[in-house]
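These notes are about the structure you will find just below.
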Amino acid sequence: MRTALLRASQSRWLRDQVRDRRFVRRAVSRFMPGEDVESALQAAQRFVQQNLTAVLTQLGENVADANEARAVGGHYTEVLNRIQALKLPAHVSVKPTQLGLDLSPDLCLEQLTALVAHAAKVGTFVSIDMEGSAYVDRTLDLYRKLRPEHPNVGICLQAYLHRTPDDLDRLGSLQPTIRLVKGAYNEPASIALPKKRDVDLRYFELAQRLLAATPRPPQPHGFGTHDVGLIEHICHHARSSGVPNSAFELQLLFGIRAADQVRLARAGYAMRVLISYGSYWFPWYMRRLAERPANIWFVVKSMFA
Ligand SMILES: Cc1cc2nc3c(=O)[nH]c(=O)nc-3n(C[C@H](O)[C@H](O)[C@H](O)COP(=O)(O)OP(=O)(O)OC[C@H]3O[C@@H](n4cnc5c(N)ncnc54)[C@H](O)[C@@H]3O)c2cc1C
């Protein structure tokens, strides 16, 4: 089911079939407060009262036009300005292929450099998403170029990739800020661990390594997972190793395990919620369905709602 949904995420035909269906849009709204950035900013403002911080991301990937990629860079610059004006405890997370990586690594680097420099000016941070395995080398390359000059940039690593423990070693001298996730793409067994149990074990091993290595300020490492058992395990390990709560963040997606988000923040953990917005939600939403095929029931239910 997971593989079928991940394959479907790349189907243009299916995207065109479902994009404008009201019941699908209703189901999607469970995972995003709205398509426009204002809805995301308002959600981030509401979170402040619950002691939750935010990371905002505009949905979109594989942009094939340089002007469009530049427009995405311009959009994020405006988002950073809004974050500053509203004094929100928030930063942004960006996909390299949305900033032109498919067109040219130089174009993408130019955009990222401008964004990260602007984020520093307004006192915030930029996180770089990790996409399918074909992009990992190029994305790590961008990070290696950015990080020495810019402490306010972080990168996502995917526990399911066989290469990730070595990538973490190789990044070590940069004192990177890592967001650790399990991995959301359809990868063959030669590239990624096929069994969930092995991915979970690998995640915990990597989490232990991150807890032992503090990144340069301003941003601690983030554990991006909804796996509450794993989160408890990581928090327990941190406590028993004397790692303070301020040394890491828990990061979950908007709309998933919302009660746990509030509970963990109340228990004294730094909790950041990733809020997505934008009209290009189809592949992203299909990946959310693939993570938990039971979510398909939300689509079915909203059909009859
Ligand atoms: C903040 C954040 C940033 C991310 N950034 C990236 C990235 O840059 N690159 C990348 O490849 N992946 C990214 N991901 C996705 C990640 O790789 C996983 O696909 C996703 O988090 C599902 O795995 P899990 O760790 O939550 O655990 P799982 O073991 O998949 O799930 C554990 C439990 O969490 C709940 N759950 C998980 N997913 C869902 C869902 N979609 N809907 C409802 N319940 C769910 C279920 O109850 C499930 O039993 C990100 C995830 C987060 C939280």
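The values are calculated or read from the model by the stated rules, or taken from the named source; none is laboratory data. This structure is a prediction, so every number in the text was calculated from the model and none was measured. For neighbour counting, all protein chains shown are included, and Cβ atoms are generated from backbone atoms with ideal geometry for every residue, glycine included. With ligands, DNA and RNA removed, areas are computed over all heavy atoms of the protein, side chains included. Shrake-Rupley method; radii C 1.70, N 1.55, O 1.52, S 1.80 Å.
If a/c stays under 1.5 just call it rounded; otherwise compare a/b with b/c (prolate if a/b is bigger, oblate if not). Do that for the chain, with a ≥ b ≥ c from the square roots of the Cα gyration tensor eigenvalues. The shape class here is rounded. How high is the relative contact order of the stretch 135-272, given as a whole-number percent (alpha carbon pairs under 8 Å, six or more residues apart)? Taking the mean separation of contacting Cα pairs over the length of the stretch 135-272, I get 20 percent.
For the stretch 161-200, taking Cα atoms only, Rg and Dmax work out to 11.5, 31 Å respectively. Using alpha-carbon pairs under 8 Å, 6+ residues apart, how would you state the relative contact order of the chain in percent? Normalised by residue count, the contact order of the chain is 27 percent. In the chain, the DSSP beta bridges split such that about 5 percent are antiparallel, to the nearest 5. For the chain, the mean residue ellipticity at 222 nm estimated from helices alone is -14500 deg cm²/dmol, where every DSSP H run of n ≥ 4 contributes -39500 (n - 2.57) and the total is divided by all residues, rounded to the nearest 500. Need one word for the stretch 128-250: rounded, prolate or oblate. Basis is the Cα gyration tensor (sqrt eigenvalues a ≥ b ≥ c); a/c below 1.5 gives rounded, then a/b vs b/c decides. Judged from the Cα gyration tensor, the stretch 128-250 comes out oblate (a/c at least 1.5, b/c at or above a/b).
With both labels modelled 7 Å from their Cα along Cα-to-Cβ, the ASP166 to ARG209 distance reads 1.2 nm. Taking all protein chains as they are arranged and a probe of 1.4 Å, the heavy atoms of VAL262 leave approximately 30 Å² accessible to solvent. When the C-alpha to C-alpha distance is required to be over 25 Å, the pairs from LYS95/LYS182; LYS145/LYS196; LYS87/LYS121 that qualify are LYS145/LYS196. If the chain linking ARG216 and LYS196 were pulled fully straight, counting 0.36 nm for each residue of separation and taking away their Cα-Cα distance, it would gain 4.1 nm. Taking only protein heavy atoms and a 1.4 Å probe, the accessible area of the chain is 54% carbon and sulfur.
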